[in-house]
Every structure is written in C-alpha cells, then in structure tokens.
Amino acid sequence: MSNSKTAAPPAGARKRRKSTSAWLDFLCVLPALAFLLVFIYYPIVDLVRISFTDWNLIKPQYNYVGFDNWIWLFTGSGTKYLLNSLKVTVLYTAGELAVTIIGGIIFALIFNRMTKFFGTMRAIVFVPKYVAMSSAAVIFLWIFNKNTGILNHFLGILGIAPVDWLGDRNIALLSVLMLTGWRAIGYGMMIYLSAMMGISKDYYEAASLDGANAFQRFKSITLPLLSPTTLFLFVTTFISAMKVFQSVDILTSGGPYRSTEVLVYLVYQYAMRDFRIDRAATIAIVFFILLLIFTAATMKVSNKNVHYDS
C-alpha cells in the first residue's frame, strides 16, 4: 500500500493567510482601541489644549493666551495653592499607605488562623471595604460631630474635652485618614492573608530546626516572600490615595483653611466652583505628570528588592 503525502500550500497562499489572520486580530482589538482613543487619549490631548486658553464657563467664548496659565501656576498666585495641595496629598498618601500596608500585615498575622472565630473576625474587619465611600463619609460626619458625635460622647465619659475633629486644621486630615483606615485596613489584611497561604510550610519548618524564633522567621521568610504583594499594595494604594476626592469633599470640603485640600479637590474647586476650566486643566496635567513619575520611580526602585520565589 503506497504512502501519500499532502502537498504543502504555496508560499504565496501561506503569506496571504498570515496577513488575513493579522488583520482579523487587529479588528478584534479595534473596539477597545477606539474606546481608549475617544475616552482617554483624546481628553488628555484636549486638556493640554485647554490649558493654553482663558476658558471660563460663565463666558460664551474663550481665547488662546499661550503660557499665561502655566506662568500663573508656577510663578504667580497659583503656586502656593499647588504646593499646599501637593503637601496635603503627600501626607494623606503616606498615611493611607501606612494603614493599608503596616496595618494590613499586622491584622493578617493576628487573624492567620483557620478557625470559625478568626474567620468571623476577618469578615468583620473586611466588610467596611464594601461600604460605599459616600455612605461611610456621611456616617463619619455624625461620628466626628463636635456636639452630638458619638466619638466625643465617649471622650466625655473619659473626662476628655470635646474635640473639633473636622474643624481643627491640625487634626482634620487625620480625621479623614481615620475614615480611610476603617475601609482600607481590611483590604490590606485579606491581600496579605492570601499571599501568606501561598508560602510553603517547608521554609518555616527548616528555620525552626535551625533554631529560628517567630520574629526571625517573620523577618527572614515571611517579609521577603511577601514583597511582591507589598509592591502590588504599594502601587495600587499609592495611585488611589493620590486621587482621593469623595471623603474630602463630604467630610471637610477641603477645609478648614485648605488643610485637607488635596490635588484632585483643587482641580474640582477651579473647575466646578470658580468655573476656571483653563486653570483646572493646567493643574490636572501637572498632577497627571507627577503621578506618572512617582509610579514609575516606585516600580523601578521596588523591583530591585522584590523576591518572586514563593
């Protein structure tokens, strides 16, 4: 019985088939690409254009004024507001990072027990993450109220004078961070718990045989192997914290005396209250560039100290 071989298609046919496949692949991603162009990249480009105008929402027309808005922002009266908002944003971001990462890993270590009691406790700590920020902020408005808030009520029982949590410029940002911490610490805990469960027990058994105590095992095994998780939490929390708006808007409206006026709220102030879209666009571009630089620098520095062996 003779063997028959199927003839290979000509080189031209293979080339046309490959070209057709490439075009089909491009057509599959075309809707997503169109969405990005229309709703992300075009607005960014148009934002740059607006920053070179004197666009005021209460006027029917606007003119191109060159670098006037940039001069106002970096050498005029806008500089102090930009620097103040940048300082507030950095302080807030540092606070949220500390709560999410340090608080999250502490709670993960405490609740890393597979029992019903600890499972219930983990659920109680994590549930606030599901509460909408707007709803949580309204609740905390009542909690922080100087005259009728439950927090000052408990302080009164302890003999401590009432505290103006949202009206004192020295502690208003801390009050906002208390709301953030209430919602964020459970998220950090659950992320770390899932990462801890992926660490092989062999590492801990070998370290115990070598005489390492609990702290030494945590320092030499747990922390290094959690570094990818820490990097993930750091980057995602950093970006979300830099863009904070709702909690500040509802609790303090940027006050008192601009002590909680973060960068996003500053953009909102100029755009929606002062109707200066031109200045809001200029600040938004600066904020976008700073966010890119900080995120890229964080990734570059952190990747050198991240261990992906788990």
In this structure, does Val235 turn out to be assigned to a helix (DSSP H, G or I) and either under 30 Å from Gly76 (Cβ atoms) or without any contact (Cβ under 8 Å) to a residue 24 or more places away in the chain (or both)?
no
Only one of Phe111, Phe52 is out of contact with any Cys (no Cβ under 8 Å at 6 or more places or on another chain), modelled with pLDDT of 95 or more, over 23 Å from Phe238 (Cβ atoms) and surrounded by 15 or more Cβ atoms within 10 Å (Cβ to Cβ), namely Phe52
Has the stretch 163-184 got at least one residue that is farther than 24 Å from Tyr265 by Cα and buried (at least 19 other Cβ atoms within 10 Å of the Cβ)?
no
Meets criteria (touching a residue at least 24 places away in the same chain (Cβ under 8 Å), surrounded by 10 or more Cβ atoms within 10 Å (Cβ to Cβ) and of a type in the set (S, T, N, Q)) for Ser21
no
Look through Phe232, Phe238, Phe245 and report the one residue that is at pLDDT below 90, surrounded by 13 or more Cβ atoms within 10 Å (Cβ to Cβ) and touching a helix residue (DSSP H, G or I) at 6+ places or on another chain (Cβ under 9 Å).
Phe232
So is Ile105 loosely packed, with under 15 Cβ neighbours inside 10 Å and of a type in the set (Val, Ile, Thr) or not?
no
Among the numbered conditions (1) under 19 Å from Leu83 (Cβ atoms); (2) in a loop (DSSP other than H, G, I, E, B), tell me where Arg279 comes up short.
(2)
Hey, Tyr41 at pLDDT 95 or above and either assigned to a helix (DSSP H, G or I) or hydrophobic (A, V, I, L, M, F, W, C) (or both) or not:
no
Sort out which residues of the stretch 113-154 are more than 14 Å from Leu179 (Cα to Cα), in contact (Cβ under 8 Å) with a residue 12 or more places away in the chain, outside any loop (DSSP other than H, G, I, E, B) and of a type in the set (Gly, Ala, Ser), and write them in order of number.
none
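Let's see how each residue does on (1) over 25 Å from Ser51 (Cα atoms); (2) touching a Ser or Thr at 6+ places or on another chain (Cβ under 9 Å):
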| residue | (1), (2) |
| --- | --- |
| Phe238 | yes, yes |
| Val244 | no, yes |
| Ser247 | yes, yes |
| Leu251 | yes, yes |
| Pro256 | yes, no |
| Glu261 | no, yes |
| Tyr268 | no, no |
| Asp274 | no, no |
| Arg279 | no, yes |
Candidate set: the stretch 116-143, residues that are within 21 Å of Thr100 (Cβ to Cβ) and of a type in the set (Phe, Trp, Tyr); chosen: the one surrounded by the fewest Cβ atoms within 10 Å (Cβ to Cβ):
Tyr130
Kindly evaluate Ile289 against the criterion of being crowded, with 16+ Cβ neighbours inside 10 Å and of a type in the set (A, V, I, L, M, F, W, C).
no
Considering only the stretch 199-206, I want to know if a residue exists there that is out of contact with any Phe, Trp or Tyr (no Cβ under 7 Å at 6 or more places or on another chain) and outside any helix (DSSP H, G or I).
yes
Residues satisfying the stated conditions in the stretch 62-90, i.e. loosely packed, with under 15 Cβ neighbours inside 10 Å and within 21 Å of Leu174 (Cβ to Cβ):
Leu83, Lys87
Which condition number in (1) modelled with pLDDT of 95 or more; (2) among the β-branched types (Val, Ile, Thr); (3) under 19 Å from Tyr42 (Cα atoms) is the one that Ile289 fails?
(1)
Working only within the stretch 239-266, note down all residues that are out of contact with any Phe, Trp or Tyr (no Cβ under 7 Å at 6 or more places or on another chain), part of a helix (DSSP H, G or I) and of a type outside the set (S, T, N, Q).
Ile239, Met242, Ile250
Being part of a helix (DSSP H, G or I), of a type outside the set (Gly, Ala, Ser), out of contact with any strand residue (DSSP E or B) (no Cβ under 8 Å at 6 or more places or on another chain) and under 25 Å from Leu86 (Cβ atoms): is that true of Ile221 here?
no
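The values are calculated or read from the model by the stated rules, or taken from the named source; none is laboratory data. Note that the structure is a prediction, hence the values are computed from the model and not measured. Backbone-built Cβ (ideal geometry, glycine too); neighbour counts: all protein chains shown.
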